[in-house]
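Following: one structure in structure tokens, then a few remarks.
The values are calculated or read from the model by the stated rules, or taken from the named source; none is laboratory data. All values derive from a computational prediction rather than experimental measurement. Reconstructed Cβ throughout: ideal geometry from the backbone, glycine too, with neighbour counts over all protein chains shown. When the accessible area is computed, the model is the full protein with side chains, heavy atoms only, and any ligands, DNA or RNA have been set aside. Shrake-Rupley method; radii C 1.70, N 1.55, O 1.52, S 1.80 Å.
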Amino acid sequence: MTQQMKHKKILTITIDDSEDEVEDNVRQQTQMYAKNSMDRFGDDLCQLLLSYLLLEDRFRNECVSKQFQRTVFESVVDITLNEKLIRKAKQQKETLSQVLATIATNNQLFSTFGRLVTRIYCMSSLVKHSLSYCHRLSQLRAEQLSDVFDNTSGQLLVTNLKRFTIIYYSSESKGQLSEFVAQNQSLKSLVVIKPSKNAKNNQNLPEIYNQLSRLPQLRDLTLDLYLHNILLNDILRIIGLNCKQLQRLALILRPTYFKLNQTLDSLRLFCRLKRLHLAISRSVVSRQLLEPLKLCHRLTHLTLDIDEMSDKLLTDCDKHLPRLQYLSIKTNAITREDLDHISSLPALQMLVIENCSKSDDLSDNDFNYLLSRSLKLKNIEVIEQKVSKFYCRKNGQRIYSKNSMDRFSNNLCALLLSYLSLKERFVFQCVSKRFQRTVFRSVVDIDIDDELIRRVNKFKIPLFIIMNIICEKCPNIESIDFRSVGYSNQHILELFPTFRHKFPNLREIYCELLSNSDRWIQLLAPLITRISGELSSKKPSLIFCRRLSRLVAYHMSDVFSGRTTGFWPELLSIFVAQNQCLKCLNLFYITYKTKEDLRELCEQLSRLTQLRELSLKLVLIDGMNSLLPALKTLVIENQLSDSLRDNDLIVLLSSSPKLKTMEIRVNNEKKFYSKVKM
Amino acid sequence: MADNADHIDGDDNEDVRAQQNLIKIKLKSSEGGIYECGLTAAKMSDLVKNMVESLGTDAVVTTEPIILGNEAVTDAALKKIIEWVEFHWDDPPVDHDFEDEKDRRNEELSHWDKQFIDVDDQALLFDVIAAANYMDIKGLVEVGAKHICSKIRGKSCQEVREMLKITNDFTAEEEDAIHKENAWIYAKD
């Protein structure tokens, strides 16, 4: 102990030394800058750090230091000019403001700047002719389709767009659409926000989608649809058949009936679809509508915005959506059962749940539990009344909910399960992989009398097969209790030496001597620590047992071969010498003739230094027990009731240093003497 | 009387233990709550015992509380644990000569322990067990273990999973294979 302490002290000293050294070095190297000062960074790192500032903040921070001044603008590669910035600049009457103002108002400038313009977000229809100057335009957002056609000549002003958003679409512009599509075959992304204000009266809508399907490069499509007189499935079929590159699809469905009885069956045609956003407002969604979601095996992102979610929607989702990484659900109510299904999604990393109206009784625990069960889930965002709550996996490790047993380590789990019976262990091994790993670890002793083994035995399954199964499962077995092996099964003890190596930790065997004992006793004797049952007919076997800690014998002569009755001090001496580890000896009957014999017996027994429990049937002679210094319990069966006086017994009790209780049986009455606390 | 030095020592020990338990030390949960506990009772935790022994009793009594940093040692769990050690600190020690480990394991929990550990809030129950394990209070972990084992006795795997909120990480095929292998244990009488 002291050595350990010393060692520790030395260790801490060396650690202290090394820390000091390191600190000294650091002090020498970076003398000028404190650790907590940003001055310690070089220009490159400083520039990188500041590159995340907004333009406005860059100006604001320019005069923090010379290093800031040097670096803060270096990383500006693009500028976003918004009204706020322009307004601010205007107030200061800077020259910049004048330039910006000119850009904003004087569309003449487009003839010079036009070549550079690649994106237009907001466009007034008054200046649309400027579009013809923008040859490199790739992204455009327009109110109506007519905005991209010249008012007088009807000529299309934009070609080869990559991304196009149109806010209103009306069917009057059918011809224009056809031309637009023809001239913009490179279109990769298309957003149609509101198909038409009066779509209800429109009979030609499918034609629009026919046109859209002529865009083969389309990767990303957003459609906002009034589902009146439209067969959604037909539209999807046309698009799906033709736009093979489509990877992202957003459908905002506005059914005009309360009940939506359509199907999205054609989703199966979108073979490359990776992201799907589906919003259905103000309607009860029939189960059939969402059923085809199960056909989109390649989905990685799924957003569902539906009022009523059918119970079965998420059933088996792990099989149908094996690649899903992101799932967002906005619905009225989400249940624990839904979470159960979600937890089985094998690739899911992010889950967003927006509970619009009724907040269910889901608690923190439910979400932590979900995190702990899913394989890859890292983040959960739960939005309730526009307030977000986040649940994250800690340190990249799985976190476990407090009320789940999964939180316990293997060791604790093994400990907790160590109080189960053998049969229960077999039953519970398939609760989880951790159970399988740990449930058998704590099995250290096997009793052949176990309820399980007994029952199976009835079915004529050979005992050694069961033993084989058990030893495979339970590698830590230390002791086996063979006592209940009856004559019908005694061959197991003969067989046992052949598969003993399967129990590497076996140290103790508890058995009875059987009629075939002579065939196995030599092989097993080094393991046998306890023997019980009737000995006299098999006593030759006993000679091999040297590790006995507990022996119950009727008569001393049972322990030795050849002798029948009588008291044999020389044999007793051999017995004592060979059984030094005996802790408990129970002899029912001892024959002796003289006081000297008894003294001899006591002397021999007193050499059993480990003896803790002794039961003898004999006549008490004064002071006998003082010869057994380690004795703690004494049972005396006395036939001569008047020969025992309380006083003698108390003297006996006080003269034996470890003796705590004495049980005196006189004519079937029991009398106890025990040391009284002083 | 000089007849049994051993025994008198034992009595003395008990007195010392009782005396020491009048000394109160402070334990601090991972949530920051500070609770008082008798010294002998607190030393049922091997973790606390080692700390007290390396710091010296005086230091522990007069200075800062002992910090139990494991996240399972919440305020509620620590209160439960102190309740348990304050009840059990004067239990007789286990006598390995006579009490067979196996018999002790099969012994039923005392009524008090049963009531103590029968906590409705499973999160708290698991906190208490995990915290007792962290603090190395073997007796209390045993109480928890016996409680859990008695709760799952006779249940099916699915029921156990639901009750203890255990993730089933077996595939259906793996589970079937185990069931097949173990068909023999379900043999009917």
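Largest accessible area first, the listed residues B:147, A:301 line up as A:301, B:147 when surface is computed with a 1.4 Å probe on the assembled protein chains.
Solvent-accessible surface (1.4 Å probe) assigned to residue A:469 amounts to roughly 40 Å².
Shape of the range B:7-153 from its Cα gyration tensor (a ≥ b ≥ c, root eigenvalues): rounded if a/c is under 1.5, otherwise prolate when a/b > b/c, or oblate?
On the way: a/c = 2.14, a/b = 1.10, b/c = 1.93.
Since a/c reaches 1.5 but b/c is at least a/b, the shape of the range B:7-153 is classed as oblate.
Could you tell me which residue out of B:13, B:135, B:61 lies farthest along the dipole of the range B:7-153 toward its positive end? Charges go on the beta carbon: Lys and Arg +1, Asp and Glu -1, centred on the Cα centre. Sorting the options by dipole projection puts first B:135. Rounded to the nearest 10 degrees, the angle from helix B:5-22 to the longest Cα principal axis of chain B is 90 degrees. Summing +1 for each Lys or Arg and -1 for each Asp or Glu among the other residues whose beta-carbon sits under 12 angstrom from that of residue A:548 gives +4. Heavy-atom accessible area for residue A:38, with the other protein chains in place and a 1.4 Å probe, reaches approximately 80 Å².
Counting only protein chains, not ligands or nucleic acids, how are A:179, B:64, A:663 ordered by accessible area (probe 1.4 Å), most first? Kindly include the intermediate steps, with their values, before the conclusion.
On the way: A:179 75, B:64 140, A:663 30 Å².
Ranking A:179, B:64, A:663 by accessible area, largest first, yields B:64, A:179, A:663.
Any idea what angle helix B:172-181 forms with the longest principal axis of chain B, computed on alpha-carbon atoms, 0 to 90 degrees, nearest 10? Rounded to the nearest ten degrees, it is 80.
Rounded, prolate or oblate: pick one for the range A:375-475, where a ≥ b ≥ c are the square roots of the eigenvalues of its C-alpha gyration tensor, a/c under 1.5 means rounded, and failing that, prolate if a/b is larger than b/c, else oblate. Prolate. Among the protein heavy atoms, those of residue A:352 account for about 10 Å² of accessible surface (1.4 Å probe, every chain in place).
When A:390, A:503 are compared by accessible area at a 1.4 angstrom probe, the order from most to least is A:390, A:503.
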